[in-house]
1. Which number in (1) of a type in the set (D, E, K, R); (2) within 12 Å of Tyr38 (Cα to Cα); (3) open to solvent by 20 Å² or more (accessible area, probe 1.4 Å) marks the one condition that Asp255 misses?
2. For Thr228, work out the one condition from (1) modelled with pLDDT of 75 or more; (2) surrounded by 13 or more Cβ atoms within 10 Å (Cβ to Cβ); (3) hydroxyl-bearing (Ser, Thr, Tyr); (4) not in a helix (DSSP H, G or I) it doesn't fulfil.
3. Which residue is modelled with the lowest pLDDT, if the candidates are limited to the range 189-214 and must be open to solvent by 40 Å² or more (accessible area, probe 1.4 Å) and among the small types (Gly, Ala, Ser)?
4. List every residue pair whose Cβ atoms lie under 9 Å apart, where the two residues are 6 or more positions apart in sequence or sit on different chains, the first residue falls within the range 183-205 and is within 14 Å of Leu152 (Cβ to Cβ) and part of a strand (DSSP E or B), and the second residue, located anywhere, is open to solvent by 10 Å² or more (accessible area, probe 1.4 Å) and among the acidic types (Asp, Glu).
5. How many residues does the range 42-79 contain that are β-branched (Val, Ile, Thr) and at pLDDT 80 or above?
6. Identify, from the list Pro14, Pro21, the residue that is closer than 25 Å to Thr110 by Cα, open to solvent by less than 70 Å² (accessible area, probe 1.4 Å), under 15 Å from the mean Cα position of the chain (by Cα) and at pLDDT below 50.
7. Check Gly173, Gly237 and return the single one that is under 21 Å from Ala66 (Cβ atoms) and either over 16 Å from the mean Cα position of the chain (by Cα) or surrounded by fewer than 13 Cβ atoms within 10 Å (Cβ to Cβ) (or both).
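The values are calculated or read from the model by the stated rules, or taken from the named source; none is laboratory data. Please read all numbers here as calculations on a predicted model, not as lab measurements. Quick reminder, even Gly has a Cβ in these numbers, built from the backbone with ideal geometry, and neighbours come from all protein chains shown. These area figures cover heavy atoms from the full protein model, side chains too; ligands, DNA and RNA do not enter into them. Shrake-Rupley method; radii C 1.70, N 1.55, O 1.52, S 1.80 Å.
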Amino acid sequence: MTGSDPRTASSAAPLTGPAAPCWVTLMTRHREAAERFYSQVLGWSFRPGRLGSDFSVAYRGQVPVAGLFAVSSAFQVAVAWTPYFSVEDANVAAARIRERSGTVAVGPLTLGKGRGVLASDRDGAAFGLWERTEPSTSPPAPADHAHAWLRLRTRNAFDAAIFYGEVLDWASGRPGGCDVAYEGEEVIVRCGGHPLARISSGAVESAVDPLVRPHWQVQFPVADLAETVAAAERHGGTLVEDRTGFEGTEVTLRDPDGALFAVTDVRSPA
């Protein structure tokens, strides 16, 4: 069994804060099987959530890091990891999505201590919105550790940055908000000065390969990349892609239920 390592994420930001990614959730058909897989691969423990028996929360130590939600095939929801972005007003943000030719599939719905929205951008990449309506009682993420990073593979990074910037108030100059920078052929999103997500061009909407279609990829930094990949394969996962660059290695895996996620030894998503 392996796990995420705070030392590999020293320059990243936690998934908290206004207009920053606040949560990642796995939609899966088999919650208990998913819990067994991710506990062995990422070293997480799980506790029941407040949204019913189909929902559980993953913890690294005492800090919640992700949600798992079992969905019936009758709901026609894809098995996938999905990022949720914090917003001050879910109604306003949902309206902005529609105004910019995105799609709001579900919500806003009242869920636990907040209101949620499931949506997709103009190119079909799925994401969520989260409006917290009650104070959080969970301990904050350590300042020097990100539990996950995000990467958007999209048709045009510049257009996508405008879409998300207008929906989520990125580059608004507000305290605690996110800034957007165009570096090389990618867009880097920083929150509080820390790199938080990358947006890359080149995705093709009609591609058969799901890695080529527009999508948000959730990346988990780990202490031992080779052991993490080996653990995933031992417990029914599949290695899909191995990308090695000057900054480190990112490995895309498919869990036994078909959800794609990435593990990385990269110290920063930028």
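1. (3)
2. The failed condition is (4).
3. Looking at residues that are open to solvent by 40 Å² or more (accessible area, probe 1.4 Å) and among the small types (Gly, Ala, Ser), I get Ser206.
4. Ile188/Asp179; Val189/Asp179; Arg198/Glu186; Ile199/Glu186; Ser200/Glu185; Ser200/Glu186
5. 3
6. Criteria check complete, one pass: Pro14.
7. Working: Gly173 fails: under 21 Å from Ala66 (Cβ atoms).
Testing whether each residue is under 21 Å from Ala66 (Cβ atoms) and either over 16 Å from the mean Cα position of the chain (by Cα) or surrounded by fewer than 13 Cβ atoms within 10 Å (Cβ to Cβ) (or both) leaves just Gly237.
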